[in-house]
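Asks: Sharing a structure, written as structure tokens. Questions coming.
The values are calculated or read from the model by the stated rules, or taken from the named source; none is laboratory data. Since this is a predicted model, take the numbers as computed values, not measurements. Virtual Cβ from ideal backbone geometry, glycine too; neighbours counted across all protein chains shown. Quick note on the areas: whole protein, heavy atoms, side chains included, nothing else; ligands and nucleic acids left out. Shrake-Rupley method; radii C 1.70, N 1.55, O 1.52, S 1.80 Å.
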Amino acid sequence: MSSVTTYASALIAQNVLRRSSIDMDKTMQRLSTGKRINSGADDPSGIAMAARISSSSLSAQQGERNANDAISMLHVFSSAGQTIVDILLEMKELAVKAASAPYNQDDRMVLDHHFNQLGLQWARIASTTNWNGGVASMNTFNNSFTVLLGEDVTPSTMTFKSWDPTNRVANQNVTGATAIMADDNNARADWAWGFVRALADLNAGLNPAGRSNSHIQSQVAASNALAKLDTTITVATIELSLYGSYINRLELSALNSRSAATQLDQSYSKIMNTDYAQETTELTRLKILTQAATAILAQANQEPRLIIELLK
């Protein structure tokens, strides 16, 4: 029925054009930004889920970086610790030589000088090796060094013993010492090491330089030093193996965090990112609807003219 009061066909065409225009704007936005969700109105529940997934992914990625930072620190400590063990082995070699009867007192004085310098170098390495400005140090006991490996609120905890040769706190050092250093000719393996030369030489006639609490200037002291060095070497190598265990654990954690972050990023992408195949198909559909609605609107606008022709 032809009517001049209500142009139903024109109104229908206008509504189609309006709806198509809104949908086309959204499609063009998605195609240009690469995001399926550009505002909360696009998918209220989806944007909330995507935010949680993105947060978990970022935590996993940071957890991986935290693990790798700790691994780097442990490699530094392991390298320095291995150097100290090498020093201990050389000190043992000198003690074996000084404990042998064919060497006289003057020979042992020379051997002790070398022994003492190695001990001082051990102490220097332990005191100067640290991580990130002293966050962790080799000469300090730390039984609560923590690394957060992602969203888990319970961090990974590691225990580091002190490599300081003078440390005498039980179970807190790599020497096995439980008592303060003293000149006992190294008879007590549980006494700490001391390499500061504050005592008189056993042979004052040979360029006296003093002797330390831990010396090998006598055959007895050198013999006793062997057992004391064996204890230190054993505990120190156990500490090195512990570093290796920590490294293996952290490497597995870093791999797991990377895998988790990858999966979470894929989930985020499926929620947030544009499906170009779908959106380009939708764009084609909207173009067809827009062209069709435009043609229908033009045709509907011709209807009043037909009515005027009938009234002539």
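Asks: Tell me the residue from MET109, MET158 that is at pLDDT 90 or above and in contact with a Leu (Cβ under 6 Å, 6 or more places away or on another chain), please. Break it down stepwise before answering.
Replies: On the way: MET158 fails: in contact with a Leu (Cβ under 6 Å, 6 or more places away or on another chain).
Only one candidate passes the filter, namely MET109.
Conditions tested, residue by residue: (1) within 24 Å of the chain's Cα centre (by Cα); (2) in a helix (DSSP H, G or I).
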{"residue": "MET73", "(1), (2)": "yes, yes"}
{"residue": "ALA95", "(1), (2)": "no, yes"}
{"residue": "SER100", "(1), (2)": "no, no"}
{"residue": "ASP106", "(1), (2)": "no, yes"}
{"residue": "VAL110", "(1), (2)": "no, yes"}
{"residue": "ARG124", "(1), (2)": "no, yes"}
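Asks: Would you confirm whether any residue within the range 7-15 is outside any helix (DSSP H, G or I), within 30 Å of LYS287 (Cβ to Cβ) and at pLDDT below 75? Walk me through it before giving the result.
Replies: Quick first cut of the range 7-15, residues outside any helix (DSSP H, G or I) only: 7.
Checking the rest, the ones that are also within 30 Å of LYS287 (Cβ to Cβ) come to 7.
Retained after the next criterion (residues that are at pLDDT below 75): 7.
So far as the range 7-15 goes, yes, one or more of its residues are outside any helix (DSSP H, G or I), within 30 Å of LYS287 (Cβ to Cβ) and at pLDDT below 75.
Asks: Return the only residue of ASP25, ASP42 being open to solvent by less than 50 Å² (accessible area, probe 1.4 Å), out of contact with any Cys (no Cβ under 7 Å at 6 or more places or on another chain) and modelled with pLDDT under 75. Even if it seems obvious, please write down each step before you answer.
Replies: Values: ASP25 fails: open to solvent by less than 50 Å² (accessible area, probe 1.4 Å).
None of the others qualify; the one that does is ASP42.
Asks: Go through the range 146-168 and give me each residue that's buried (at least 18 other Cβ atoms within 10 Å of the Cβ), free of Cβ contacts under 8 Å to residues at least 60 places away in the same chain and not in a loop (DSSP other than H, G, I, E, B).
Replies: Correct list: SER162 only.
Asks: On to the next question. What number of residues in the range 223-237 are more than 11 Å from THR175 (Cα to Cα) and either open to solvent by 20 Å² or more (accessible area, probe 1.4 Å) or of a type outside the set (Gly, Ala, Ser) (or both)? Can you show your working first?
Replies: First, pick out the residues of the range 223-237 that are more than 11 Å from THR175 (Cα to Cα): 223-227.
From what's left, either open to solvent by 20 Å² or more (accessible area, probe 1.4 Å) or of a type outside the set (Gly, Ala, Ser) (or both): 223-224, 226-227.
Residues meeting the conditions: 4.
Asks: If you scan the range 159-217, which residues turn out to be over 44 Å from the mean Cα position of the chain (by Cα) and within 24 Å of LEU240 (Cα to Cα)?
Replies: Of everything in the range 159-217, nothing turns out to be over 44 Å from the mean Cα position of the chain (by Cα) and within 24 Å of LEU240 (Cα to Cα).
Asks: Only one of ALA187, ALA204 is of a type outside the set (S, T, N, Q), open to solvent by 60 Å² or more (accessible area, probe 1.4 Å), within 22 Å of VAL85 (Cα to Cα) and not in a helix (DSSP H, G or I). Can you tell me which? Walk me through how you get there before you give the answer.
Replies: On the way: ALA204 fails: within 22 Å of VAL85 (Cα to Cα).
Answer to the check: ALA187.
Asks: Something else: If a residue has to be among the aliphatic types (A, V, I, L, M) and either open to solvent by 60 Å² or more (accessible area, probe 1.4 Å) or within 23 Å of the chain's Cα centre (by Cα) (or both) to count, how many in the range 75-92 make the cut?
Replies: The total comes to 3.
Asks: For the range 39-53, how many residues are farther than 22 Å from GLN263 by Cα and of a type outside the set (Gly, Ala, Ser)?
Replies: We begin by selecting, within the range 39-53, every residue farther than 22 Å from GLN263 by Cα; these are 39-42, 44.
From the residues that got through so far, the ones that are of a type outside the set (Gly, Ala, Ser) too are 42, 44.
Selection size over the range 39-53: 2.
Asks: Select from the range 133-145 the residues that are part of a loop (DSSP other than H, G, I, E, B) and within 25 Å of GLY194 (Cβ to Cβ) and write down the one among them that is nearest to the chain's Cα centre (by Cα).
Replies: Within the range 133-145, the subset part of a loop (DSSP other than H, G, I, E, B) is 133-135, 138-141.
Next, only the ones that are within 25 Å of GLY194 (Cβ to Cβ) stay: 134, 138-141.
On the way: GLY134: 17, MET138: 19, ASN139: 22, THR140: 21, PHE141: 21 Å.
If we take residues in the range 133-145 being part of a loop (DSSP other than H, G, I, E, B) and within 25 Å of GLY194 (Cβ to Cβ), then GLY134 is nearest to the chain's Cα centre (by Cα).
Asks: Pairs please, first residue from the range 267-294 and within 25 Å of GLY46 (Cα to Cα) and part of a helix (DSSP H, G or I), second anywhere and open to solvent by less than 90 Å² (accessible area, probe 1.4 Å) and among the small types (Gly, Ala, Ser), Cβ atoms under 6 Å, 6+ apart in sequence or on different chains.
Replies: Cβ pairs passing all conditions: TYR268/ALA50; TYR268/SER54; ILE271/GLY46; ILE271/ALA50; MET272/ALA50; LEU286/SER20.
Asks: Still on this model: Condition first: open to solvent by 60 Å² or more (accessible area, probe 1.4 Å), touching a residue at least 40 places away in the same chain (Cβ under 8 Å) and more than 13 Å from ASP152 (Cβ to Cβ). Now tell me which residues in the range 59-68 satisfy that.
Replies: ASN68
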